[in-house]
Amino acid sequence: MADLILENLTIKYGAVTAVDNLNIHVASGEFLTLLGPSGCGKSTSLFAVAGLNHATSGTIRIGDRVLFDGDAAHTVPPEKRNIGLVFQSYALWPHKTVAENLAFPLILRKIGRAERDERIKDALGLVEMLPYADRYPFELSGGQQQRVALARALVYRPPLLLLDEPLSNLDAKLRERARVWLRELQERLSVTTIYVTHDQAEALAVSDRIAVMSMGRMRQLGTPREIYDHPADSFVADFIGSSNFLHGTLIEVGTDHARVRLADGREVTTQSGPAGADGAVVVAVRPEKIELTDQEGPNTLRVSIEQRTYLGSVWQYAVRSGPLAFRIQTPSELLQKEVLVRIPQEHSAVFPEQASAS
Ligand code: ADP
């Protein structure tokens, strides 16, 4: 298997910088997700690795093998990169059977008949589609077509698998099952994988690490837990899960904490603060991390409940303390007008006001 290394990768289309100085080292066997809103440069990055578009500068390597070194003349063409690729649209050939769809990349690689049949059998077995070898794509469900597309990407045993929103055409239930299944298969094959999605829940569920992108730049690279629990900036805090941003003024920043006077006059201590920042800031805290308490103390706020929403597994409450409006989530149904809440220091962070997502 193989590491994939992107160094200072920049991709420009005229005046638009679609990918801006991307640096990622994907370890052998790792499942790394590029996550971000539409237009942030995920597919452009993935296509550059596949060789389907031209990077402007930087390098792309698989292990020691250089695929792109900043000079278009040295670019390894896509068919020589030995990379499996699955698109959102599956892109199966409609007039070929499942087995013929899988045979095609092997014929291109001049693999003989007997070995071809063997590999097709193996790949269809992996995705549990062997009984459908003689069907045409239109005779299959969306989920089955997606499995065939995956088998076709795996049939020549590439060391690197690139998946561009491969589940987004499936309905919600099937999609959840498919992502578990996909992750299990990827682990079994230990194929180095880059997965592109704009769906943060999907990214959290399947990835070893996530690279969060916005406007061509990587904002944070980390495990799902690191990204969720310690977002690097307010964009990440808001894009992954959801966060409240409580406006206030920075009083003090220490190495492991920051103190902020909130707009309602209360003081809170949070786990971290922006080095060198002063003045207007926001305290980011997730609705489900805010605790109910019956004891006044550090980091507590008395809030009035303005709206109640039942979300199934939890209740969400829109609450207010003076000028601060935010949300809390808890499994309990709260009938009172006012409650006392605590903002846990370990689950809150301070970001500069101007970069705030809210
Ligand atoms: P994502 O996959 O995150 O939705 P893309 O990588 O498709 O985003 O696009 C990133 C940016 O690059 C967008 O601003 C998009 O409009 C631009 N872009 C992508 N492909 C081209 C192209 N072929 N020509 C011009 N601009 C492009």
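Remarks
- The residues of segment 197-220 that are basic (Lys, Arg) and either away from the ligand (no atom under 12 Å from the Cβ) or assigned to a helix (DSSP H, G or I) (or both), listed by number, are 209, 219.
- In segment 307-337, the residues that are charged (D, E, K, R) and either surrounded by fewer than 12 Cβ atoms within 10 Å (Cβ to Cβ) or modelled with pLDDT under 95 (or both): 333, 337
- Residue in segment 81-104 that is of a type in the set (S, T, N, Q), at positive phi, away from the ligand (no atom under 16 Å from the Cβ) and over 18 Å from the mean Cα position of the chain (by Cα) present: yes
- Applying a threshold of 9 Å to beta carbon distances and a minimum spacing of six or more residues, or different chains, the list of pairs starting in segment 289-315 at a residue that is without any contact (Cβ under 8 Å) to a residue 24 or more places away in the chain and ending at one that is buried (at least 16 other Cβ atoms within 10 Å of the Cβ) and hydrophobic (A, V, I, L, M, F, W, C) reads 306/318; 306/319; 307/318; 307/319; 309/315; 309/318; 315/328.
- Number of positions in segment 184-204 that are surrounded by fewer than 18 Cβ atoms within 10 Å (Cβ to Cβ), among the hydrophobic types (A, V, I, L, M, F, W, C) and either under 18 Å from the mean Cα position of the chain (by Cα) or under 20 Å from residue 37 (Cβ atoms) (or both): 1
- Taking every residue in segment 254-269 that is more than 17 Å from residue 326 (Cβ to Cβ) and pairing it with any residue that is of a type in the set (A, V, I, L, M, F, W, C) and crowded, with 19+ Cβ neighbours inside 10 Å, at least 6 positions away or on another chain, the pairs with Cβ-Cβ distances below 7 Å are 258/250; 258/350.
- Every pair of residues 6+ apart whose Cβ atoms lie under 7 Å, when the first sits in segment 27-51 and is under 13 Å from residue 208 (Cα atoms) while the second is away from the ligand (no atom under 12 Å from the Cβ) and of a type in the set (Asp, Glu): 27/3; 28/3; 30/208; 31/208; 32/208
- Any hit, segment 82-103, residues being hydroxyl-bearing (Ser, Thr, Tyr), surrounded by 13 or more Cβ atoms within 10 Å (Cβ to Cβ), modelled with pLDDT under 90 and in contact with a Pro (Cβ under 8 Å, 6 or more places away or on another chain): yes
- Residues of segment 1-36 satisfying the condition of being aliphatic (A, V, I, L, M), assigned to a loop (DSSP other than H, G, I, E, B) and surrounded by fewer than 16 Cβ atoms within 10 Å (Cβ to Cβ): 1, 15, 27
- Residue list for segment 37-69, filter: among the basic types (Lys, Arg), over 24 Å from residue 237 (Cα atoms) and either near the ligand (Cβ under 7 Å from one of its atoms) or surrounded by 15 or more Cβ atoms within 10 Å (Cβ to Cβ) (or both): 61
- Criterion: of a type in the set (A, V, I, L, M, F, W, C), farther than 21 Å from residue 338 by Cα and assigned to a strand (DSSP E or B) - qualifying residue of 303, 268, 283: 283
- Condition met for residue 18 (within 13 Å of the ligand (Cβ to nearest atom), within 18 Å of residue 82 (Cα to Cα) and touching a helix residue (DSSP H, G or I) at 6+ places or on another chain (Cβ under 9 Å)): no
- Output for segment 108-127, where each listed residue is at positive phi and surrounded by 14 or more Cβ atoms within 10 Å (Cβ to Cβ): none
- The selection criterion, being over 20 Å from residue 46 (Cβ atoms) and touching a strand residue (DSSP E or B) at 6+ places or on another chain (Cβ under 9 Å), holds for residue 233.
- Filter pass, residue 6 being aliphatic (A, V, I, L, M), in contact with an Asp or Glu (Cβ under 9 Å, 6 or more places away or on another chain), in contact (Cβ under 8 Å) with a residue 40 or more places away in the chain and within 16 Å of the ligand (Cβ to nearest atom): no
- For residue 214, the conditions (1) out of contact with any helix residue (DSSP H, G or I) (no Cβ under 8 Å at 6 or more places or on another chain); (2) closer than 19 Å to residue 42 by Cα are fulfilled apart from (1).
- Looking only at segment 157-183, and only at residues there that are surrounded by fewer than 18 Cβ atoms within 10 Å (Cβ to Cβ) and either closer than 27 Å to residue 79 by Cα or of a type in the set (Ser, Thr, Tyr) (or both), the one that is farthest from the chain's Cα centre (by Cα): 157
The values are calculated or read from the model by the stated rules, or taken from the named source; none is laboratory data. All figures in this text were calculated on a predicted structure; none of them were measured in a lab. Glycine also receives a Cβ, built like all others from the backbone with ideal geometry; neighbour counts cover every protein chain displayed.
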